[in-house]
Structure formats: C-alpha cells, structure tokens
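See below for the structure under consideration.
The values are calculated or read from the model by the stated rules, or taken from the named source; none is laboratory data. Being a predicted model, the structure only gives us computed values, none of them experimental. Reconstructed Cβ throughout: ideal geometry from the backbone, glycine too, with neighbour counts over all protein chains shown.
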Amino acid sequence: MQIKAITIEEIYQEILDGKRIRFPPNTWKLDKNNEMAKRVTRYLVTNILNWNEEEIKQNWNNALIAKYRLRGVLKHKYENSPYGMINDLYPNRFKEWEFKMTPLNFWTKKKPYNY
C-alpha cells in the first residue's frame, strides 16, 4: 500500500471546501523560509481569485485574508502585515503606498519626501 503525500495547496483547498477546519498543527512553525506560506498565498491570488496586479493593489487586505482562511499565516509568518505577505510572494513588485491601506506607522515626516 502506497501513501500519497498531500500538498499544502490541497490542504488549503480542503479548508476552503469545508473538509478541514484548519491547517495541521505547527504548519507555520515548521515552514522554513516561508515556502509553504508563499505557496498558499500564490494559490489564493492566482488560482482562487485570479487577480492581476491592479486587483491586488485595490483589494489585498486583512479582511480578505481572513475571509479566505489565511489569518494564521498572516499572524505567524508576517506579523499581521498584508503588505509583508504579498511582498514575500512578489518581492519589490509593489510599494506600500500603492495599496488602499498602507502598513501601520508607514507614513512618517521623512517618508513622504521619498515618494
């Protein structure tokens, strides 16, 4: 008898389908270099939402991430930063200020002069 390994994307789809309640224990603690976190984020953006860059800028936020059951990833891997999550997947493709909401404490007296 051969046991088939299940991918993180398959687990995530089962969560979305209601077949699972959550990811297995310690999933995100064992995720070195955020590889699984990036994979589920990519799966959400490209397979579930099928978004382009403009749609990401307009709609990527905490509420959406929670709606699609990735609040644990956001908390444990990205310190509750939606920008950190999307920037990890697409490094330097987006600027913080391009989103509808910038990260907490993003704007300072010095930063506006840089943009």
Check: What are the residue pairs meeting all of these: first residue in segment 25-37, first residue among the aliphatic types (A, V, I, L, M), second residue outside any helix (DSSP H, G or I), Cβ atoms under 7 Å, and 6 or more apart or on different chains?
Finding: MET36/THR27; ALA37/TRP28; ALA37/ASP31
Notebook entry, point to check: What residue, of ASN26, ASN59, ASN50, is of a type outside the set (A, V, I, L, M) and farther than 18 Å from LEU74 by Cα?
Noted result: ASN50
Next item on the list: Go through segment 31-54 residue by residue and tally those that are modelled with pLDDT under 95 and among the β-branched types (Val, Ile, Thr).
Entry: 0
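For every residue, the table says whether it meets (1) touching a strand residue (DSSP E or B) at 6+ places or on another chain (Cβ under 7 Å); (2) within 17 Å of MET101 (Cβ to Cβ); (3) surrounded by 11 or more Cβ atoms within 10 Å (Cβ to Cβ).
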residue	(1), (2), (3)
ARG20	no, no, yes
LYS32	no, no, no
ALA37	no, no, yes
VAL45	no, no, yes
ASN61	no, yes, yes
ILE65	no, yes, yes
TYR78	no, yes, yes
ASN87	no, yes, yes
Checklist line | Among the residues listed as GLN2, GLN13, the single one being exposed (fewer than 14 other Cβ atoms within 10 Å of the Cβ) and either closer than 23 Å to SER81 by Cα or of a type outside the set (Gly, Ala, Ser) (or both) | finding: GLN2
Notebook entry, point to check: Does VAL40 fit the bill of being touching a residue at least 12 places away in the same chain (Cβ under 8 Å), in a helix (DSSP H, G or I) and either aromatic (Phe, Trp, Tyr) or over 17 Å from ARG93 (Cβ atoms) (or both)?
Noted result: yes
Check: Which of the residues belonging to segment 1-30 are of a type in the set (D, E, K, R) and modelled with pLDDT of 95 or more?
Finding: GLU9, GLU10, GLU14, ASP17, LYS19, ARG20, ARG22
Margin query: Being under 23 Å from ILE11 (Cα atoms), without any contact (Cβ under 8 Å) to a residue 60 or more places away in the chain and part of a loop (DSSP other than H, G, I, E, B): is that true of LYS75 here?
Written below: no
Item checked: Flag if THR108 is hydroxyl-bearing (Ser, Thr, Tyr), assigned to a loop (DSSP other than H, G, I, E, B), at pLDDT below 95 and within 16 Å of the chain's Cα centre (by Cα) -> no
Next item on the list: Just give me the residues in segment 55-69 being in contact (Cβ under 8 Å) with a residue 40 or more places away in the chain and closer than 19 Å to MET36 by Cβ, in sequence order.
Entry: TYR68, ARG69
